[in-house]
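**Student:** My questions will all concern the structure given below.
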Amino acid sequence: MTDDREYRRTHPWISFRHHLERADPLHWSLLGEAAARCDQVARAVLPPAGARELHRLYLVKGVRATTAIEGNTLSEEQIAAQLEGRLELPPSREYLKQEVDNVLKAVDEIFTDIVESEPPALSPDWIAGANRRLLAGLEEHLEDGVVPGKIPPHPVGVLRYRGAPREDCAFLLDRLCRWLEGGDWPVRPDRHEDRIASAILRAIFVHLYIAWIHPFGDGNGRTSRLAEFMILARGGVPSPCAHLLSNHYNLTRSDYYRQLDRSSRANAGRGDPLGFLLYSLQGFVDGLREQGEVIAGIQLKLAWEHFVYGEFQRIPSSRAMRRRREVTLALGRAGAPVRKHSIPDLSPDLARLYADRTRKTLTRDMNWLVRKDFLQKGEGGYRARVGAMRAFRPVQG
């Protein structure tokens with residue numbers, strides 16, 4: 001009888017109830033914004049090279065986050081180097097690279113499964129397999145008795161938290177998967193308008209519940225974050241967005257552990273997942289807003305270049321106009337203000353165009369570009385008026 005199981009006495013918060021009937025408007029508002037912003041990223045128009053760079057940028061951030069929480073000290077630059085196969089570490093730190101490699105390979109396998117075959121279903125076997133993949137090659141760095149993918153007979157925990165009774169862990173993982181893949185949710189993946197919102201909710205709950213059950217001897221945090229990522233990715237959340245929750249947990253690491261602890265102790269020890277849900281949703285939305293600005297910045301520069309080429313096509317071509325066009329384009333790419341004397345150094349083309357020109361030529365070019373509203377001059381130097389491309393900026397009160 002399930003009523004006799006020990007976890008009901010020791011871990012009553014593992015109830016397989018989402019409590020969304022008690023969620024306040026902020027939960028739903030953030031969930032709606034998160035789903036809308038993920039859909040917006042999915043529809044973003046970017047050149048293939050820009051899309052690949054965005055994917056790579058957030059992959060590196062996500063992998064660093066999920067390993068850094070567990071103590072891995074490799075930087076984003078080092079992880080990017082490993083992604084390109086050029087990271088070298090001394091033997092004493094090789095295991096750090098192995099940890100990163102395991103996450104990179106696991107993420108890649110998830111995407112391959114989603115794109116080339118049936119999206120993975122959440123199951124106890126999948127979760128155990130994820131733990132094995134994440135701990136592969138690290139056996140000599142694990143505590144005695146820890147076998148990747150296996151539930152150990154001894155108690156497991158993190159900080160002051162102790163996981164569910166060992167004899168109940170297999171049962172609890174099975175219950176968790178059936179619950180998350182079931183239909184007892186107010187948002188459902190079989191409704192098109194709910195698909196991404198459903199993935200976000202279930203991803204956060206799988207993370208919380210694996211952390212609560214804490215079934216494996218090591219790697220429970222990485223396993224919960226990989227399961228979270230899988231549910232997001234298979235639910236249609238774009239790859240750059242699917243890494244943002246891990247990044248949020250790492251950026252707010254102390255609060256992450258505090259929220260996990262509070263979630264189990266809330267409601268007089270019966271647990272309440274809504275606090276962790278709110279914490280996760282707020283961080284996810286914050287990350288999506290920042291990501292949206294990154295994408296908008298890329299699109300803005302592309303729109304600016306298209307505008308500049310179009311405007312200069314209206315002007316009779318001359319060497320002076322070619323210089324001025326290249327200055328406008330180079331300053332648009334630079335973003336930050338540039339001192340006048342440094343402008344010819346912005347690109348090889350500009351250096352060549354100004355090689356046999358005097359300072360007066362550069363001054364005349366700058367004055368003309370400012371007068372035509374291509375550039376603006378400030379204390380820090382000259383900058384392109386890229387911001388003028390924002391057609392519907394809010395009116396400042």
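Just so you know, all these numbers are worked out from the coordinates, no wet-lab data involved. Just so it is clear, the model here is predicted, and its values are computed rather than measured. Note: ideal-geometry Cβ built from the backbone for every residue, glycine included; neighbour counts use all protein chains shown.
**Student:** Using helices alone, I'd like the mean residue ellipticity at 222 nm for the chain: each DSSP H run of four-plus residues gives -39500 (n - 2.57), total over residue count, nearest 500.
**Tutor:** So the calculated ellipticity at 222 nm is -19500 deg cm²/dmol.
**Student:** Reported to two decimal places, what Rg/Rh ratio describes the chain when computed on Cα atoms with Rh from the Kirkwood expression?
**Tutor:** Using only Cα positions, Rg/Rh for the chain is 1.09.
**Student:** Whole angstrom only: what separates the Cα centroid of the stretch 242-296 from the Cα centroid of the stretch 1-31?
**Tutor:** The stretch 242-296 and the stretch 1-31 have Cα centres separated by 17 Å.
**Student:** Sticking with this structure for a sec: Using DSSP H assignments, which helices in the chain have an axial alpha-carbon span of 20 Å or above and a mean Kyte-Doolittle hydropathy of -0.5 or higher?
**Tutor:** Qualifying helices: 25-42, 48-68, 94-116, 166-181, 195-213, 220-234, 274-313.
**Student:** Once both labels are modelled 7 Å past Cα along the beta-carbon direction, what's the A266-A296 spacing in nm?
**Tutor:** Each label point is offset 7 Å from its Cα along the Cβ direction, giving 3.1 nm.
**Student:** According to the square roots a ≥ b ≥ c of the eigenvalues of the Cα gyration tensor, what is the shape class of the stretch 295-338, taking rounded for a/c under 1.5, prolate for a/b larger than b/c otherwise, and oblate for the remainder?
**Tutor:** Cα axes put the stretch 295-338 in the oblate bin.
**Student:** In percent, what relative contact order does the chain have, based on Cα pairs under 8 Å that are 6 or more apart in sequence?
**Tutor:** For the chain, the relative contact order is 19 percent.
**Student:** Find how much the distance from R166 to D125 grows on full extension, using 0.36 nm per residue of separation minus their present alpha carbon separation; answer in nm with one decimal.
**Tutor:** The span from R166 to D125 would gain 13.1 nm if fully extended.
**Student:** Top mean-square fluctuation among T223, T363, T328, Gaussian network model of the chain, C-alpha springs under 10 Å?
**Tutor:** Most flexible of the set in this elastic network: T363.
**Student:** Label points 7 Å out from Cα along the Cβ direction at A81 and R314: separation in nm?
**Tutor:** Between A81 and R314, the label points sit 5.0 nm apart.
**Student:** In addition: Let me check against my output: what whole-number percent is the relative contact order of the stretch 329-397, with C-alpha pairs under 8 Å and at least 6 apart?
**Tutor:** 39 percent
**Student:** Shape of the stretch 1-99 from its Cα gyration tensor (a ≥ b ≥ c, root eigenvalues): rounded if a/c is under 1.5, otherwise prolate when a/b > b/c, or oblate?
**Tutor:** oblate
**Student:** Working out 0.36 nm times the residue gap between Y95 and E70, then minus their Cα-Cα distance, what length gain in nm do you get to one decimal?
**Tutor:** 7.7 nm
**Student:** What does the charge count near G219 come to, summing +1 for each Lys or Arg and -1 for each Asp or Glu among other residues with Cβ under 11 Å from its Cβ?
**Tutor:** Neighbourhood net charge equals +1.
**Student:** Within 10 Å of each candidate Cβ there may be at most 16 other Cβ atoms; applying that plus a DSSP loop requirement, which trypsin sites (Lys or Arg not before Pro) in the stretch 137-246 survive?
**Tutor:** K150, R160, R191
**Student:** Next question, about the same structure. Rounding to the nearest 20 debye, state how big the charge dipole of the chain is about its Cα centre with +1 on each Lys and Arg Cβ and -1 on each Asp and Glu Cβ.
**Tutor:** Roughly 2620 debye, rounded to the nearest 20.
**Student:** Would you mind getting the Kirkwood hydrodynamic radius of the stretch 315-389 from its Cα pairs, rounded to one decimal in Å?
**Tutor:** 12.2 Å
**Student:** Putting +1 on Lys and Arg Cβ atoms and -1 on Asp and Glu Cβ atoms, find which of S29, T328, V158 reaches farthest to the positive end of the dipole of the chain.
**Tutor:** Result: T328, furthest along the dipole toward the positive end.
**Student:** Return, ordered by residue number, the residues of the stretch 262-290 whose backbone nitrogen is under 14 Å from a label point located 7 Å along Cα→Cβ of R22.
**Tutor:** Counting backbone N atoms under 14 Å from the label point, the list is 263-278.
**Student:** Now for a different question. Just tell me the longest site-free run in the chain, where the sites are GluC sites (Glu not before Pro) in a DSSP loop having at most 14 other beta-carbon atoms within 10 Å.
**Tutor:** Here the longest segment lacking exposed loop sites spans 144-378.
**Student:** So if I place +1 on the C-beta of Lys and Arg and -1 on the C-beta of Asp and Glu, and nothing else carries charge, what would the dipole magnitude of the stretch 272-397 be about its Cα centre? I want it in debye, nearest 20.
**Tutor:** The calculation lands at about 1100 debye.
**Student:** While we're here: Only four residue types carry charge here, +1 at the Cβ of Lys and Arg and -1 at the Cβ of Asp and Glu. Report the dipole size of the stretch 131-183 about the Cα centre in Debye, rounded to the nearest 20.
**Tutor:** Dipole size: approximately 220 debye.
**Student:** Alpha carbon centre of the stretch 357-380 versus the stretch 305-352: separation in Å?
**Tutor:** Here the two parts' Cα centres lie 11 Å apart.
**Student:** Under a 10 Å cutoff between Cα atoms, tell me which one of S239, S317, S15 has the largest fluctuation in the Gaussian network model of the chain.
**Tutor:** Answer for the Gaussian network model of the chain: S317.
**Student:** Give the calculated FRET efficiency between R322 and D286 to the nearest 0.05, with a Förster radius of 41 Å applied to their Cβ-Cβ distance.
**Tutor:** 0.40
**Student:** Can you pull out the trypsin sites (Lys or Arg not before Pro) in the stretch 54-87 whose DSSP state is coil and whose Cβ has at most 14 other Cβ atoms within 10 Å?
**Tutor:** R86
**Student:** Same structure again: I want to verify a result. In a Gaussian network model of the chain, Cα cutoff 10 Å, which of these has the top mean-square fluctuation: P273, P215, P48?
**Tutor:** P48
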